[in-house]
1. Determine whether LEU67 is at pLDDT 95 or above and assigned to a helix (DSSP H, G or I).
2. Out of all the residues in region 107-123, which are surrounded by fewer than 16 Cβ atoms within 10 Å (Cβ to Cβ) and either of a type in the set (Val, Ile, Thr) or more than 10 Å from GLY27 (Cβ to Cβ) (or both)?
3. Can you pull out every residue in region 124-160 that is of a type in the set (Gly, Ala, Ser) and either surrounded by fewer than 21 Cβ atoms within 10 Å (Cβ to Cβ) or outside any loop (DSSP other than H, G, I, E, B) (or both)?
4. Being over 14 Å from the mean Cα position of the chain (by Cα), more than 20 Å from THR29 (Cβ to Cβ), modelled with pLDDT of 95 or more and of a type in the set (S, T, N, Q) is the requirement here; does THR130 meet it?
5. Is it the case that ASN92 is closer than 19 Å to ALA26 by Cα and surrounded by 20 or more Cβ atoms within 10 Å (Cβ to Cβ)?
6. Taking VAL101, is it more than 26 Å from LEU14 (Cα to Cα), surrounded by 21 or more Cβ atoms within 10 Å (Cβ to Cβ), modelled with pLDDT of 95 or more and touching a Pro at 6+ places or on another chain (Cβ under 8 Å)?
7. Taking region 81-120 as the search range and keeping residues that are without any contact (Cβ under 8 Å) to a residue 24 or more places away in the chain and assigned to a loop (DSSP other than H, G, I, E, B), which one is farthest from VAL145 (Cα to Cα)?
8. So, of the residues in region 1-24 that are of a type in the set (D, E, K, R) and over 16 Å from GLY78 (Cα atoms), which turns out to be nearest to the chain's Cα centre (by Cα)?
Amino acid sequence: MTDVPESHPRYLSLRTRDAIVAGVEAGVTSIHGLIAHGRGEAFDYLLGERTRRFAKTATRAAAAMLLGARHPVLSVNGNVASLVPEEMVRLNASLKAPLEVNIFHASHARERAIEGVLRDAGAGEVLMPTTAAQLDHIDSNRRFVHPDGIYVADVVFVPL
C-alpha cells in the first residue's frame, strides 16, 4: 500500500482495497472483485462512511437466522478469502457450518487458490463446487454447488 497515515479518513478502505489487489495478484480474487469492492466504496461514501441503524438490525437478524439454522453454510468468494479468511474459519467453527467455495467468475485454479487460503487460515474441510449439484434458479457459475453444502442448506451466509 502507498504510504497512507492511519489518520487518513479513507485509511481502512484503502487497506481493504490493497488486500483485494493482493488477492488478484495471488489468483484468489478476480479483477471483477476489485471493481465490485469499488462499487461498495462508492455507497459507503454516499452514506457518510457510517453504519446505519437498519444495517445493525439486519445484521442481528442474520445472526439469529444462522444460529437457528439446521444446516447453515458459509459461502466464500475471492474477496472474502482475501479479506477475512481467519474470521470465516472462526465462524465455521462457532456455527459448525461448512465453508463452501462459490464464485461467479469461476475457474478451477481460483477455486483451489481460495481453498488454499482457507486451509492456511486453519480450515479443515472446504466444500468445492461440482457439476453434480446445480441450483435450477441460477444461470451463472454460482449455480454449481456442493451436494452436502449450499445445495441442501436452509441458510446460506453470502458476505458480499
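The values are calculated or read from the model by the stated rules, or taken from the named source; none is laboratory data. This is a predicted model, so every value here is computed, not measured. Every residue, glycine among them, receives a Cβ derived from its backbone with ideal geometry; neighbour counts consider all protein chains shown.
1. yes
2. Result: HIS108, ARG119, ASP120, GLY122.
3. Hits for region 124-160 are GLY124, ALA132, ALA133, SER140.
4. Values: over 14 Å from the mean Cα position of the chain (by Cα): yes; more than 20 Å from THR29 (Cβ to Cβ): yes; modelled with pLDDT of 95 or more: yes; of a type in the set (S, T, N, Q): yes.
Criteria met by THR130.
5. Here the answer is no, as ASN92 does not meet what is asked.
6. Criteria not met by VAL101.
7. LYS96
8. ARG15
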